[in-house]
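The values are calculated or read from the model by the stated rules, or taken from the named source; none is laboratory data. All figures in this text were calculated on a predicted structure; none of them were measured in a lab. All Cβ positions, even for glycine, are placed from backbone atoms using ideal geometry, and neighbour counts span all protein chains on display.
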Amino acid sequence: MKHLTNLKLKVWRQDGPDTVGKFETHVVESVSDEASFLEMLDQLNEKLIGENKDAIVFDHDCREGICGTCSLMINGRAHGPQRATTTCQLHMRTFSSGDEIVIEPWRAAAFPIIKDLMVDRASFDRIIESGGFITSPTGGAPDANLIPVPKPVSDAAMDSAACIGCGACVAACPNGAANLFTGAKIAHLSVLPQGQAERFKRAEAMVNSMDDQFGSCTNHGECSAACPKEISLDVIALMNSDFRKSKSKNRKQLSRG
Amino acid sequence: MNTLLNAKIPSGALHEKWDNYKADAKLVNPNNKRKFKVIVVGTGLAGASAAATLAELGYQVDAFTFHDSARRAHSIAAQGGINAAKNYQGDGDSINRLFVDTIKGGDFRSREGNVHRLAQVSVDIIDQMVAQGVPFAREYGGTLDNRSFGGAQVSRTFYARGQTGQQLLLGAYQQLSRQVGLGGVRLFNRTELVDVVVVDGRCSGIVVRDLLTGEITSHAAHAVVMATGGYGNVFYLSTNAMNCNVTASWRAHRRGAMFANPCYTQIHPTCIPQSDESQSKLTLMSESLRNDGRIWVPKNADDARPADQIPESERDYYLERLYPSYGNLAPRDISSRAAKRLVDKGHGVGPLKNGVNLDFSAAIERLGLDVVQERYGNLFQMYERIAGEDPYSTPMRIYPATHYTMGGLWVDYELATTIPGLYAAGEANFSDHGANRLGASALMQGLADGYFVLPYTISNELAPMLNKPIPTTDHPAFVQAETEARDRFNGYLNVGGTRSPDWFHRELGKIIWDYCGMERTQQGLEKALSELPALYSEFKKDLRVTGNGESVNQTLEKAGRVDDFFQLGMLMCRDALDREESCGAHFRSEYQTAEGEALRDDKNYCHVSAYDWTGDPMAADLNKEKLEFETAHLATRSYK
Amino acid sequence: MAKTQQTLTKAGKSLAPRQPVTGTALSVRKKRSFIADIYSTAIGKKYAMAISGIALMGFVLFHMIGNLKMYLGAAELDHYAEFLKELLYPLAPKGAVLWILRGGLLAMLALHLHAAWSLTILNHQARPVKYQSPRDYEVANFASRTMRYSGMIVLSFLIWHLLDLTFGVVNTVGTDNTFVKGEVYANVVRSLDRWPVAVFYILANLLLGIHLRHGAWSIFQSLGWNNPRFNSWRWSFATVFALVVVIGNISFPIAVLAGIVKL
């Protein structure tokens, strides 16, 4: 176990959604290289409380990279410099003594800042609420083995379903688009046999909800590069094609009815 | 008071009890359901599934979570899988076997009726979750794949890579979201429960605090469901998420809900050992790793050579040696204590000598790198991130850590607490796991409670209340609870001491871990019970909370939670002291066999201990629920 | 941009208690005609970008191929220009098909521009407050991040190019207009013989190449043409296409300056 010394932290502080924020500089004199990035912030907060100052507000919970609560733009990268890693799983061994580390909240109109580094990602929930599910009320399900799912299909669904809803894709996207998040959920449900009945209704509803809140995709690929679960850009293509099909198929079905 | 509690187990043979209950339960007409309001606190597996199902049925549901979204609950972190008595593998599984395994795994300290029901509905859970689109692992033929788990000799665990909890929670979250979208559920996010309101002996609603604005408001309902998880964070270092807390259950306890078996806290054998003092939490590595990993320590204490330089003959595969029939898949409590003993004797590995090896080299040789990668890839990657070592080439280092709490709010067969109208589901209740939970059973229990039990038992309670008025939030009891809550939070802000809530939490955790952790002694528990009140009074005098109460203040949130952890910690130690036997995860050093195994005392302790709030956790009233075993036979657990 | 979050006041306190979330999927969307409905969404606009992009790519490719006639001499190139006017003649009147094609291309260009313009506005609204510290992009490249600038420069070049070689108003040496209608070969050589024009031509075409490289790949993604077997080819196609167009186009001014193509 080694220690990093003299880290210069520039942390975004902002009292509320509509107040003006600014960077505040703090020096972390010493921190173990085994500590996680958030543990380093914990220690800074302990120090701030000791100095009778307000602790830095940031979202975090499971600290094992699965709940998707933590965020942070670290040195210009969503979730920091290590690929396929959430901020909570980022460890100080990635940095060196004397480094300057700039920490900013996610920025997007759909992710308004609540305080300091905490943002509101409820816009993601809106997308799921609009159609990110398979309608199957409790109690009526057939036996689980009645619907065979080819292993490659199940694996593909799992690849997309691994999304943790952290918002790094939106944060990293130069346009503040949520296509990777929305595409991942659409790709998860629309490749499975269980998801076919609502496939096109779902694509249309989720894309519309996404459209109301986020920017558009210009195929940079930053979202996928920032994604802690390495979700592929292919899900966006799949969404685009499902949306295209949904526009004509839904129309046909509606005109029949 | 010391009453004997009645669990209201339905009549009939064990396998008929649940059917008999459902046949007799009172129902609410579909058109009348919308006249009832149900509050669900917590949106994890149990909470989200209950809220979604109740809303589907037509009840008005208000769901509360302190997270920003219903998708964040800690159910998401469960890795290994979910049990179900499907017998898809044809290897001799059945509802009865799952029942017996669970009873035995719980060391005969759980209730037969509840456990059998759990085993029965386990099959429905898998059907339900598959229909929702949970991408469980599949065989090439398209059917579901299973793996085996600790404490079982059949393969009955369904899994979705190492992210089963995530996939199940997202399934339940999606069902909940659908109801939110349709208007069936009103979701209050970033809102924390701070009190439970009881009017005329009935739970009438809750008081909550808006974490964004600090505002305290009341909500009235016909019934309240607590699905607020466990209290493992009382240990400070645990595998629980940072925000997991006991506040909701504890506030219910303070208003009259009995708290059962607080000393049953499970230590998970495969976690990444602590690496330094500043560590904020421990990370669990799925127990499923024990399917293919072999656990060993060097035979010679203080052997400092790297693992690959220690020859086979100098390795002690102690689980395979001690428990040949279960080997590396021995139940959690047994594996944990075995690891602790060896580390205590100096056989530990790693820089701090605080772990044991979990070695995959044999598995890689036998199955090939690809298969191991496919089964455990994401777990290996997670380990690599945290420990900075590559588990494909060097063995993982693991050590036990607090993981799950079997104790919780006492509930009867209907999942009702001792406050009428207040229910507890999932980890928040004490019900199904006895003194030790088997792997892959937590997900099963959470979903069973939420999807398949509560919706039936709640209608039984609500039916007679049709068209009768319930107290509104203007009622003096609500007003008083709100005032008390405001005073409490203002109080934390105004102590003006010198120590942060985290500091107290860490100190509290050390005491609990040292004296009420994996091994407990009378002497140690007495010491804890003398130190805890002292530390608690220091907390009240020397706490420092900076910031204000009108905007997000995580320090203030933490203060409230630590306060409740203190009171719970005392009750835990009291309970551990009172239970003069070893059973499951509760291991009292004084009570062990010659081989060091847990020694139960069925004559004096075959009961559930449920405590009543008296104003002081040190003086809580003990009530007992006698456990009767009619089908499973009381026997000494043996995994040899 | 619908604001979905609760509005909080300046001090971070709410005016009214926050409202719970419910009924979020119940709103009914405005009824529009089929095309307008698709085009109203960002994904629909991306389809428009892609489809108009395909048309414009076809144009630049055939434009380049046609101009290769330059290497065969004045007669060949002038004859080719005449052929374009006589497309489908005598079935259609002289020049009719050419004007239809020109009209179609202009419409595609207008669509491409409108979609790009409205998406840019949407994207700016999606992040009204920029990051206050420098971004460290991982994969977004020069091409993808400069699409709107390379596009605008190529557009201004296109206008100049039309003024130069179609309308002839800027085809001048000193103050003398050197443009002669119908003498395509001579017009081109006289124009590109001016080195600032040649440099502008080369730079604009390099930018066109960069634009095409990202654009040609994006078409597949935007239209959802995705197949794991062919996905690696999408980049190769875009690169080869951009290279072919750029090398072909840039060869003209170089050939003129080097005296390979001369009057």
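Which members of the stretch B:398-419 meet the condition of being in contact with a helix residue (DSSP H, G or I) (Cβ under 7 Å, 6 or more places away or on another chain) and within 20 Å of B:THR239 (Cα to Cα)?
B:TYR399, B:PRO400, B:THR402, B:HIS403, B:TYR404, B:THR405, B:GLY408
Please enumerate the residues belonging to the stretch B:211-241 that are within 14 Å of chain A (Cβ to nearest Cβ) and of a type in the set (A, V, I, L, M).
Once the filter is applied, which keeps residues that are within 14 Å of chain A (Cβ to nearest Cβ) and of a type in the set (A, V, I, L, M), the stretch B:211-241 yields B:LEU211, B:LEU212, B:LEU237, B:ALA241.
Does at least one position in the stretch B:300-317 carry a residue that is within 29 Å of the chain's Cα centre (by Cα) and part of a helix (DSSP H, G or I)?
no
Tell me, please, whether a residue that is more than 14 Å from chain A (Cβ to nearest Cβ), more than 30 Å from B:ILE216 (Cβ to Cβ), in a helix (DSSP H, G or I) and touching a Ser or Thr at 6+ places or on another chain (Cβ under 7 Å) can be found in the stretch B:152-171.
no
Please verify whether B:VAL545 is in a loop (DSSP other than H, G, I, E, B), free of Cβ contacts under 8 Å to residues at least 60 places away in the same chain and within 30 Å of A:ASP59 (Cα to Cα), treating the condition exactly as stated.
Here the answer is yes, as B:VAL545 does meet what is asked.
Which of the residues that make up the stretch A:131-140 are surrounded by fewer than 24 Cβ atoms within 10 Å (Cβ to Cβ), more than 7 Å from chain B (Cβ to nearest Cβ) and out of contact with any Phe, Trp or Tyr (no Cβ under 9 Å at 6 or more places or on another chain)?
Correct list: A:GLY140 only.
Which one is farthest from B:GLY214 (Cα to Cα) among residues in the stretch A:1-26 that are in contact with a Pro (Cβ under 7 Å, 6 or more places away or on another chain) and facing chain C (nearest Cβ under 8 Å)?
Here the residue is A:TRP12.
If you take the residues of the stretch B:172-210 that are small (Gly, Ala, Ser) and away from every other protein chain (no Cβ under 11 Å), which of them is farthest from the chain's Cα centre (by Cα)?
Among them, the one singled out is B:GLY201.
Just to be sure before I move on: is A:ASP143 within 26 Å of A:PRO228 (Cβ to Cβ), within 12 Å of chain B (Cβ to nearest Cβ) and of a type outside the set (A, V, I, L, M, F, W, C) in the structure I sent? Steps first, answer last, please.
Values: within 26 Å of A:PRO228 (Cβ to Cβ): no; within 12 Å of chain B (Cβ to nearest Cβ): yes; of a type outside the set (A, V, I, L, M, F, W, C): yes.
The answer is no for A:ASP143.
Looking only at residues in the stretch A:53-88 that are surrounded by fewer than 24 Cβ atoms within 10 Å (Cβ to Cβ), β-branched (Val, Ile, Thr) and touching a residue at least 60 places away in the same chain (Cβ under 8 Å), which one is farthest from the other protein chains (Cβ to nearest Cβ)?
By that ranking, first place goes to A:ILE56.
Exactly one condition in (1) in contact with a strand residue (DSSP E or B) (Cβ under 9 Å, 6 or more places away or on another chain); (2) in the same structural domain as B:ARG397 (by TED's automatic domain parsing) is false for B:VAL196; which is it?
(2)
Here are the criteria: (1) among the hydroxyl-bearing types (Ser, Thr, Tyr); (2) within 17 Å of A:VAL235 (Cα to Cα); (3) surrounded by 15 or more Cβ atoms within 10 Å (Cβ to Cβ); (4) over 21 Å from the mean Cα position of the chain (by Cα). Tell me which single one C:SER232 does not satisfy.
With respect to (1) among the hydroxyl-bearing types (Ser, Thr, Tyr); (2) within 17 Å of A:VAL235 (Cα to Cα); (3) surrounded by 15 or more Cβ atoms within 10 Å (Cβ to Cβ); (4) over 21 Å from the mean Cα position of the chain (by Cα), C:SER232 is out only on (3).
Take the residues in the stretch A:113-130 that are over 16 Å from B:HIS67 (Cα atoms) and facing another protein chain (nearest Cβ under 7 Å), then tell me which one is surrounded by the fewest Cβ atoms within 10 Å (Cβ to Cβ).
Here the answer is A:SER130.
Is the stretch B:527-542 home to any residue that is within 23 Å of the chain's Cα centre (by Cα), closer than 28 Å to A:LEU48 by Cβ and of a type outside the set (Gly, Ala, Ser)?
no
Any chance you could count how many residues in the stretch A:223-257 are without any contact (Cβ under 8 Å) to a residue 60 or more places away in the chain and within 9 Å of chain C (Cβ to nearest Cβ)?
Residues that pass the stated criteria total 15.
Just one of the numbered conditions (1) closer than 23 Å to A:ARG121 by Cβ; (2) within 14 Å of chain A (Cβ to nearest Cβ) is not true of B:ASP62; which one?
(2)
I'd like the full set of residues that are under 30 Å from A:MET118 (Cα atoms) and facing another protein chain (nearest Cβ under 7 Å), limited to the stretch A:146-167.
The answer is A:MET158, A:ALA161, A:ALA162, A:GLY165.
Look at the stretch B:271-293 and say how many of its residues are closer than 23 Å to B:ALA428 by Cα and among the β-branched types (Val, Ile, Thr).
Count: 1.
Out of the residues in the stretch C:124-148 that are in contact (Cβ under 8 Å) with a residue 24 or more places away in the chain and surrounded by fewer than 17 Cβ atoms within 10 Å (Cβ to Cβ), which is farthest from A:LEU72 (Cα to Cα)?
It comes out as C:ARG148.
Is the stretch B:46-53 home to any residue that is surrounded by fewer than 24 Cβ atoms within 10 Å (Cβ to Cβ) and over 18 Å from B:VAL196 (Cα atoms)? Don't jump to the end; show me each part of the working.
First, pick out the residues of the stretch B:46-53 that are surrounded by fewer than 24 Cβ atoms within 10 Å (Cβ to Cβ): none.
Checking the stretch B:46-53: not a single residue is surrounded by fewer than 24 Cβ atoms within 10 Å (Cβ to Cβ) and over 18 Å from B:VAL196 (Cα atoms).
Can you tell me which residue in the stretch B:65-101 is nearest to the other protein chains (Cβ to nearest Cβ), limited to those that are closer than 30 Å to A:MET118 by Cα and of a type in the set (S, T, N, Q)?
B:SER69
Quick check on B:ARG397: is it buried (at least 22 other Cβ atoms within 10 Å of the Cβ), among the basic types (Lys, Arg) and not in a loop (DSSP other than H, G, I, E, B)?
yes
Does at least one position in the stretch A:141-162 carry a residue that is in contact (Cβ under 8 Å) with a residue 60 or more places away in the chain and out of contact with any helix residue (DSSP H, G or I) (no Cβ under 6 Å at 6 or more places or on another chain)?
Yes, the conditions are met somewhere in the stretch A:141-162.
Search the stretch B:306-321 for residues that are without any contact (Cβ under 8 Å) to a residue 60 or more places away in the chain and pair each with any residue that is among the small types (Gly, Ala, Ser) when their beta-carbon atoms are under 8 Å apart and the residues are at least 6 apart or on different chains.
B:TYR318/B:ALA338; B:LEU319/B:GLY327; B:LEU319/B:ALA330; B:LEU319/B:SER335; B:LEU319/B:ALA338; B:GLU320/B:GLY327
I'd like to verify a number: residues in the stretch B:341-351 that are at negative phi and surrounded by 15 or more Cβ atoms within 10 Å (Cβ to Cβ), how many?
Looking only at that region, the number is 5.
Please work out which one of (1) touching a helix residue (DSSP H, G or I) at 6+ places or on another chain (Cβ under 7 Å); (2) touching a residue at least 40 places away in the same chain (Cβ under 8 Å); (3) within 7 Å of another protein chain (Cβ to nearest Cβ); (4) not polar (S, T, N, Q) is the condition A:ASP33 fails and give its number.
Only one criterion is unmet by A:ASP33, namely (3).
Scanning the stretch B:261-297 for residues that are closer than 21 Å to B:TYR236 by Cα and among the small types (Gly, Ala, Ser), which turns out nearest to the chain's Cα centre (by Cα)?
For the stretch B:261-297, the residue satisfying everything is B:SER286.
Can you pull out every residue in the stretch B:102-132 that is free of Cβ contacts under 8 Å to residues at least 40 places away in the same chain, within 14 Å of chain A (Cβ to nearest Cβ) and buried (at least 24 other Cβ atoms within 10 Å of the Cβ)?
Hit for the stretch B:102-132 is B:VAL130, nothing else.
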